[in-house]
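S.K.: Shown below is the structure under consideration.
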Ligand code: 13P
Ligand code: SF4
């Protein structure tokens, strides 16, 4: 188990959030009884805890067995031999773990953790669209419900969307629900000389759609040597001005490998916190916007679901939906490999 000193070492350089979080040794001491109880229950129940890169740092750096982006965490869920998987992120990620592990107990400590993308389209919408576009391959972003995945052909994440859509042999693609990501796919394929008919649903991430290209111009004007990193959920006007576009884990890896010392990030600011902690010698600035869904995770709720798993936090998916959604998610693993 992490000690107060080790936790403080990880948290002391983090200066993001609203209000700005600044951890003290005393804060870390106060978290220890909850962390200790979670660790005991993990052992008792043969449970693992998966934590997304945007989740609060006191969770990320204490009880997580694996941290990562939605692709990496899905892979961990797929490979896990634990009896119980606690997924600290948002609902669609916990559902994906259940799709991959129908026989395991998957717990969501944040059952109201929606997502403006996943909440913006229903299975009924996809059924209607399929009638209108019968020859199209339906590709869904992982930020969708199990019911929506069950109506689609191939799932993708921010780390593999460009490559998978390029690889799909059909030139007619319906991509949902992220319109901005879809527009970025279209520009990317065009730049590679690939021409596909790509139809888009009009969904957006309420965090990433807010970013504007002018903020990049401003930063470049003032800091000549800064590297700009953005998530592909941003608009194409933002993505077009970036130095690097990738998933949250790909951005982390990119910083690890980059020779630059200063970075400007356009993504949820939990990632900026992780980067400040991992690379204290480098400078990170960002448009610090919080995803209210990711930020509603807490150590207390993780303890609560392990102590007393209750219906809203136990993920249940009906067998037919699970089977169809699994096919869609497995197609992603097949193309990604
Ligand atoms: P990643 O898969 O890049 O971590 O993205 C998930 C997400 O919801 C970004 O807003
Ligand atoms: Fe959904 Fe946007 Fe939050 Fe990611 S940041 S979970 S896409 S609302």
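The values are calculated or read from the model by the stated rules, or taken from the named source; none is laboratory data. This structure is a prediction, so every number in the text was calculated from the model and none was measured. Reconstructed Cβ throughout: ideal geometry from the backbone, glycine too, with neighbour counts over all protein chains shown.
S.K.: Please go through region 288-323 and pick out each residue that is in a loop (DSSP other than H, G, I, E, B), in contact with a strand residue (DSSP E or B) (Cβ under 6 Å, 6 or more places away or on another chain) and more than 13 Å from ligand 2 (Cβ to nearest atom).
M.R.: Within region 288-323, 309, 315 qualify.
S.K.: Also: If residue 286 meets every condition in (1) buried (at least 16 other Cβ atoms within 10 Å of the Cβ); (2) modelled with pLDDT of 95 or more apart from one, which number is that one?
M.R.: (2)
Yes/no matrix, rows are residues, columns are (1) within 16 Å of ligand 1 (Cβ to nearest atom); (2) under 21 Å from residue 51 (Cα atoms); (3) over 21 Å from the mean Cα position of the chain (by Cα); (4) in a helix (DSSP H, G or I):
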| site | (1), (2), (3), (4) |
| --- | --- |
| 229 | yes, no, no, no |
| 233 | yes, yes, no, no |
| 241 | no, no, yes, no |
| 250 | yes, yes, no, yes |
| 255 | yes, yes, no, yes |
| 265 | yes, yes, no, no |
| 273 | yes, yes, no, yes |
| 276 | no, yes, no, yes |
| 284 | no, no, no, no |
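S.K.: Just checking, which of 114, 124 is over 23 Å from residue 333 (Cα atoms) and at pLDDT below 95?
M.R.: 114
Here's the yes/no breakdown for (1) over 24 Å from the mean Cα position of the chain (by Cα); (2) at pLDDT 95 or above:
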{"residue": "3", "(1), (2)": "yes, no"}
{"residue": "8", "(1), (2)": "yes, no"}
{"residue": "19", "(1), (2)": "no, no"}
{"residue": "33", "(1), (2)": "yes, yes"}
{"residue": "52", "(1), (2)": "no, yes"}
{"residue": "68", "(1), (2)": "no, yes"}
{"residue": "89", "(1), (2)": "no, yes"}
{"residue": "99", "(1), (2)": "no, yes"}
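S.K.: Here is a further query. For region 131-144, how many residues meet the condition of being more than 15 Å from ligand 1 (Cβ to nearest atom) and either under 22 Å from residue 230 (Cβ atoms) or in contact (Cβ under 8 Å) with a residue 24 or more places away in the chain (or both)?
M.R.: 6
S.K.: Taking residue 115 as the residue in question, decide whether it is in a loop (DSSP other than H, G, I, E, B), touching a residue at least 60 places away in the same chain (Cβ under 8 Å) and surrounded by 18 or more Cβ atoms within 10 Å (Cβ to Cβ).
M.R.: The answer is yes for residue 115.
S.K.: Residue pairs, Cβ under 8 Å, 6 or more apart or interchain, first in region 145-165 and under 18 Å from residue 133 (Cβ atoms) and free of Cβ contacts under 8 Å to residues at least 40 places away in the same chain, second within 14 Å of ligand 1 (Cβ to nearest atom) and not in a loop (DSSP other than H, G, I, E, B). List them.
M.R.: Filtered contacts from region 145-165: 148/118; 148/140; 165/156.
S.K.: Among the candidates 149, 104, which residue alone is closer than 24 Å to residue 313 by Cα and within 16 Å of ligand 1 (Cβ to nearest atom)?
M.R.: Selected residue: 149, the only one of 149, 104 that is closer than 24 Å to residue 313 by Cα and within 16 Å of ligand 1 (Cβ to nearest atom).
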